[in-house]
Amino acid sequence: MLDNCEHLIGGCAKTADAVLRRCPKVHLMVTSREPLGIGGETIYRVPPLSLPAAGDGDLSAAESCDAVTLFVERAKEQGAGFAVDEETGPLVASICRRLDGMPLAIELAAARLRSLSLTGLRDRLDQRFRLLTGGSRTALARQQTLRATVEWSHSLLSGAEQVVLRRLSVFAESFDLDAAEAVCGVGDVEAFDVAGLLGSLVDKSLVVAEPAGAALRYRLLETIRQFAAERLAEAGQDEPAAIEAAHCGHFLAMAEAAAPHLTGSGQDVWLARLDAEQANLRRAAEHAARDPGATGQVLRFGVALRHYWIARSRDGEAAGLLLPVLERPEARAHPELFVVALVTATFSARDAGLPAAGQLAERAVELARRLGDDRLIIEALSARCAYCYFAGQPGRGFPLGQEAVERARRLGDDFLLGFSLLCWLLTSDLMAPARAGQLYAEAIAATERSGDQLRNYRLHNNAAVDALRAGDTAAARAHLDQAAEAMQAIGQDNNPRVPTNRGWVLRQENDTEGARPMFEAALRISRRNGDRSGLAYASLGLACLAADHGDWQRAAALHGAAQAFIDQIAEPWQEPEARYRRDSLHKVRASFGEEQSGRAYAKGTALSLDQALGLALAKARPA
């Protein structure tokens, strides 16, 4: 047995090789942070302690994980009097996940419970190297603090390995070899050498390599990333800035390479590629946004990622990035980019408040007309048309959308035709309903020719709403099936509109038990997305179901909560939901009484988000 060979790896390798060559019946078991690299060696990588999955609220699943078991055992040894229950379980699971299941880190964290609460411990893990100290006095010095343990491993690296490790800290979550070469292969490290150095860091257990289809992706454990980030910050003024710039440039180039493929066939492949890099794309865009001199880069990110943000329901991310930058005078120095960014922000700002969206759309139309670019004019007019619909002004939006469609038809671009028809149909459904069927057929055909599954599923979803207005639940169901198929094709499972509309179809068919899980699913999706419109319509569906079951007080309160959600985005209720709401409220007031209904409704409008969700997701009570 040869134990802890990493600091004498060369000598251990020679000794082991000599023994095995001369003594064929001898077997050696060797522990080390990297392989010996000799013939006959069979490598077994000790797996990390098992961890509860993120977002898994199953208490029994958390308790069965090795990391949680170790934490609880060590906490009890320290005299911490707590049991893993519904309240403490999520905290323990979160702590173990953030410590990557590292046994020493978990033991040191459990020891801190002598003086900290679970919440206090969790909230201080960003300072884990200062926090996690005080290991056994009889242990080796390098095992008495988390910093000492990591520094020990770091000290055994070559100079080039140390450089690459600290540069890898710039990545958010995982990365591939191309990204590592682009970001780390600058200055005194050749890009060609990065693959070998990265492989060496994997062998030394400082970088994790994980299969991703036919390729490999790499990541740093969070503890190692924090340590490496400290080393990068200490490397001098030039290197951190150069590495951040290289990271930003690489992921901007990736976003721009993907952009042309996000409006037609192949969307699924490119959306999946961006999914794998979404944390790095966000980090790179935010880095550009913090630099006053990088306004053009931010606009390029916004233009390149706009279809990705829509496909993945990330309106908040888009608005958070673009809205502050669009106010910079420098943004107008890039007029074409500026117009497309205004259009993107118009759609994403809907959740930030309609007045802002309206101003953005007006500016986009004005500047696009001034530039005389047909494609920009089509996009800007379509955005303005959609805004008018959601603002309850379909008459104002109708001629704008009509002009956009006529221009798109002349241009002969199927993507722009499908997109402009999607926006115009919002208003023409109301202003010229007799033509809606013909226009939906034209729009869906355009998306099928272009391969644009994103707009295809939205068109089928909206056609289902049109069918619901007409009372044709069979047609609505057929369109929603088509919408779900298109969503599945591009990996879209994060939009509440289709499940909400399925809920309305089932309710209209008197299947209230089938409708409930649809509205509940839409509510949970909207909560994850921060989608206040989605919260409003899903809550409204559950309010109507409560009234259908004669649960008058809960129905009135949920109607109030739904109204509070819609008020936050200053939108009127759309049809047919506006009609469903009127009928349901009339039933509640007639059965429960005006005064009692009013009090329950007012309480609903005053609920916090968590309280409203708790009420909406509570089990229905029979009449």
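Bear in mind that the values in this text are calculations on the coordinates, not laboratory data. The model shown is predicted, which means the values in this text are computed figures rather than measured ones. Backbone-built Cβ (ideal geometry, glycine too); neighbour counts: all protein chains shown.
Could you please rank Val19, Val68, placing first whichever residue has the fewest other Cβ atoms within 10 Å of its Cβ?
Lowest to highest Cβ neighbour count: Val19, Val68.
In sequence order, what are the phi-derived ³J(HN,Hα) couplings for segment 457-471 according to the Karplus relation 6.51 cos²θ - 1.76 cosθ + 1.60 with θ = phi - 60°, rounded to whole Hz, with x for glycine and proline?
So the J values, rounded to whole Hz, are 5, 5, 5, 5, 4, 5, 5, 5, 5, 4, 5, 5, 4, 7, x.
Quickly rank 298-306, 580-588, 396-404 as a protection proxy: mean count of other C-beta atoms within 10 Å, highest first. Intermediate results must be reported in sequence, preceding the final value.
On the way: 298-306: 25.3, 580-588: 17.6, 396-404: 21.1.
Output ranking for 298-306, 580-588, 396-404: 298-306, 396-404, 580-588.
State to the nearest 20 debye the size of the charge dipole of the chain about its Cα centre, where the only charges are +1 on K and R beta carbons and -1 on D and E beta carbons.
Values: 70 positive and 80 negative charges, 200 e Å.
The dipole magnitude comes to about 960 debye.
Just to confirm the number: angle between the C-alpha axis of helix 278-290 and the first principal axis of the chain, 0 to 90 degrees, nearest 10?
Computed tilt is about 80 degrees.
How big is the charge dipole of segment 157-235 about its Cα centre, in debye rounded to the nearest 20, if each Lys and Arg gets +1 on its Cβ and each Asp and Glu gets -1 on its Cβ?
Working: 7 positive and 13 negative charges, 41 e Å.
Rounded to the nearest 20 debye, it is 200 debye.
Just to be sure I understand: if I project the alpha-carbon convex hull of the chain onto a plane and average over all orientations, what area do I get in nm²? If you can, show how the numbers build up before the last one.
Details: hull surface 136.4 nm².
Hull-based average projected area comes out at 34.1 nm².
Taking just the C-alpha trace of segment 251-442, give me its Rg and Dmax in Å.
Every Cα atom of segment 251-442 included, Rg and Dmax give 16.3, 52 Å.
Of Val189, Leu376, Val343, whose Cα points farthest to the positive end of the dipole of the chain (charges on the beta-carbon: +1 Lys, Arg; -1 Asp, Glu; origin at the Cα centre)?
Final value for the positive-end residue is Val343.
Just the Cα atoms of segment 381-476: what Rg and Dmax do they give in Å?
12.4, 36
By count of other Cβ within 10 Å, fewest leading, how are Thr119, Thr427, Thr605 ordered?
Values: Thr119 12, Thr427 23, Thr605 16.
Ascending Cβ contact count within 10 Å gives the list Thr119, Thr605, Thr427.
Can you list the HN-Hα couplings for segment 334-339, worked out from phi with the Karplus curve (6.51, -1.76, 1.60; θ = phi - 60°), rounded to whole Hz and with x for Gly and Pro?
Per residue, the Karplus-derived 3J(HN,Hα) values read 10, x, 5, 4, 4, 5 Hz.
Can you tell me the Rg and Dmax of segment 1-44, counting just the alpha carbons, in angstroms?
Over segment 1-44's Cα set, Rg and Dmax evaluate to 9.6, 27 Å.
For the ranges 432-439, 268-275, 557-564, what's the packing order if you count other beta-carbon atoms within 10 Å of each residue, average per peptide, and put the highest first? If you can, show how the numbers build up before the last one.
Details: 432-439: 13.6, 268-275: 17.0, 557-564: 25.2.
Sorting 432-439, 268-275, 557-564 by mean packing, highest first, produces 557-564, 268-275, 432-439.
Quick check on the exposure proxy: order Asp511, Asp551 from fewest to most C-beta atoms within 10 angstrom. Kindly include the intermediate steps, with their values, before the conclusion.
Details: Asp511 13, Asp551 21.
With the fewest neighbours first, Asp511, Asp551 line up as Asp511, Asp551.
Quick one: Karplus J couplings for segment 98-113, per residue in order, coefficients 6.51, -1.76, 1.60, θ = phi - 60°, nearest Hz, x for Gly and Pro?
5, 8, 6, x, 6, x, 4, 4, 5, 5, 5, 5, 4, 5, 6, 5
From Cα pairs below 8 angstrom and at least 6 apart in sequence, can you work out the relative contact order of segment 1-44, rounded to a whole percent?
Details: 36 pairs, mean separation 22.9, N = 44.
The value is 52 percent.
What is the ratio of the Cα radius of gyration of segment 7-125 to 2.2 N^0.38 Å, where N is its residue count, to two decimals? Please report the intermediate quantities before stating the final value.
On the way: Rg = 19.9 Å, N = 119, 2.2 N^0.38 = 13.5 Å.
Relative to the 2.2 N^0.38 Å estimate, segment 7-125 comes out at 1.47.
For segment 542-604, what are the per-bin percents of Cα-Cα distances with bins 5 Å wide, up to the bin holding the maximum?
Taking all Cα pairs of segment 542-604, the binned fractions are 4, 21, 31, 26, 14, 4, 0 percent.
Please give the calculated 222 nm ellipticity per residue for the chain, where each DSSP H segment of at least 4 residues contributes -39500 (n - 2.57) and the sum is spread over every residue; nearest 500 deg cm²/dmol?
-21500 deg cm²/dmol
Which whole-number percent is the relative contact order of the chain (Cα, under 8 Å, 6+ apart)? Don't jump to the answer; show the numbers that get you there.
Values: 880 pairs, mean separation 42.3, N = 623.
Value for the chain: 7 percent.
Using only Cα atoms and rounding to the nearest 10 degrees, what angle (0 to 90) does helix 532-548 make with the longest principal axis of the chain?
The answer is roughly 60 degrees.
Expressed as an acute angle from 0 to 90° and rounded to the nearest 10, what is the orientation of the C-alpha long axis of helix 9-22 relative to the principal long axis of the chain?
So the helix axis and the longest Cα principal axis differ by about 70 degrees.
Mind ordering 468-479, 519-530 by average Cβ neighbours within 10 Å, highest first? Don't jump to the answer; show the numbers that get you there.
On the way: 468-479: 17.5, 519-530: 20.6.
In descending order of packing, they fall as 519-530, 468-479.
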